[in-house]
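Just so it is clear, none of the values below were taken in a lab; they were calculated from the coordinates. Predicted, not measured: the structure shown is a model, and the values here were computed from it. Cβ sites come from the backbone with ideal geometry, for glycine too, and all protein chains shown count toward neighbours.
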Amino acid sequence: MKKVLITGITGQDGSYLAALLLGKGYEVHGAVRRASMENTVKLQNIQSIADKINLHACSLDNHLSVYKLIAAIRPDECYHLAASSFVSYSFEDEASILAANFTSTHYLLSSIKELCPSCRVYFAGSSEIFGNAEESPQTETTKFNPRSMYGISKLASHHVVKNYREQYGLYACTGFTYNHESPRRGHAFVTRKITATVAKIFLGIATKIELGNIETIRDWGYAPEYVEAMWRMLHNPQGPKDYVVATGVAHTVSELLATAFSTVGLNYTQYIVINKDFYRPGEQVPLIGNAKSIYTDLGWKHTTLFKDMIVEMVQNDIREYSAQNNQ
């Protein structure tokens, strides 16, 4: 039985990936912060599979902690999904984001190289690596131009992954994943903020939603399909390669609003408050991905429609808030 280590196993992607790999017969191990081990809210996404996986307390920003974890598990595959994704421009936050995202990737790769060099490694990259892109849609050959510390940390980590692949022969690759959503998406993300607020308005718990620029364009896919792409990348007949994982379809936040509110028969224009303080610098060129390479090589492509995904998220949030109110 193959052993797999997933960092960020309690998050959206990690929980879906864990379930996928259990279905494929893997022995699944997950790295979590010690403080999260007893936190039922943090463990909510893996509640249904908790008795089938093995959780390990690990500080990913501590080399010895990571080394001991790899030594104990000696995984056949490692999916490094954990990351600090909070976008901030204060020096303290930027420093912690860089430390959390870059050093954890380096510690994992160096430990795997020393202890189990045959282990295959997937690193969760991001469309933020392209930042102010020179072209749209972006491909694997598009010039990197990150404009946030999060994007910079992901790019630096990608270069470390590439270095370990080329210098040491490690099977290591990066997936440049574009925005992907599901009912397990964190509430800090605009998709979940919208679907959760729609549910609250429908149930009479809220009356308004406050947002920034609703004409922002994004490439939104469905998270359960994206974790399938991750697994396929570690079973590439051509060996380790980096791929853009995206839908190639552009949607605005206003489209997201219209879809979410129409799910409950409402018109979003009657409930929205625009707050200029929420505006973030817009892209001159939209961040839209071209996933032709991963389709050609591995047969992966998105199938879930944007509308169906948003409807599922709204309906899930209605169930969640209804259950809370009935407690």
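A few comments on the model shown:
- Pairs, first touching a residue at least 24 places away in the same chain (Cβ under 8 Å) and of a type in the set (Gly, Ala, Ser) in region 66-86, second in a strand (DSSP E or B) and surrounded by fewer than 20 Cβ atoms within 10 Å (Cβ to Cβ), C-beta under 7 Å, six or more apart: none
- Hits in region 272-311 (condition: aromatic (Phe, Trp, Tyr), surrounded by fewer than 18 Cβ atoms within 10 Å (Cβ to Cβ) and over 17 Å from THR252 (Cβ atoms)): TYR295
- None of VAL244, VAL227, VAL273 is outside any loop (DSSP other than H, G, I, E, B), more than 30 Å from ALA172 (Cβ to Cβ) and touching a residue at least 12 places away in the same chain (Cβ under 8 Å) except VAL273.
- From the list LYS42, LYS68, LYS3, the one residue that fits, being of a type in the set (D, E, K, R), farther than 21 Å from THR174 by Cα and over 18 Å from the mean Cα position of the chain (by Cα), is LYS68.
- In region 35-61, the residues that are free of Cβ contacts under 8 Å to residues at least 60 places away in the same chain form Cβ pairs under 6 Å with partners that are of a type in the set (A, V, I, L, M) and assigned to a strand (DSSP E or B), at six or more places apart or across chains, as follows: MET37/ALA57; ILE53/VAL28; LEU55/VAL32; HIS56/ALA31; CYS58/ALA31.
- Of the criteria (1) closer than 25 Å to VAL245 by Cβ; (2) free of Cβ contacts under 8 Å to residues at least 40 places away in the same chain; (3) among the aliphatic types (A, V, I, L, M), which one LEU17 fails: (2)
- Filter result (assigned to a helix (DSSP H, G or I) and surrounded by fewer than 20 Cβ atoms within 10 Å (Cβ to Cβ)) within region 231-241: TRP231, ARG232
- Matching residues in region 249-270 - criterion: being under 27 Å from THR177 (Cβ atoms) and in a loop (DSSP other than H, G, I, E, B): VAL249, ALA250, THR263
- Condition check for ALA188: surrounded by fewer than 23 Cβ atoms within 10 Å (Cβ to Cβ), in contact (Cβ under 8 Å) with a residue 24 or more places away in the chain and assigned to a loop (DSSP other than H, G, I, E, B): yes
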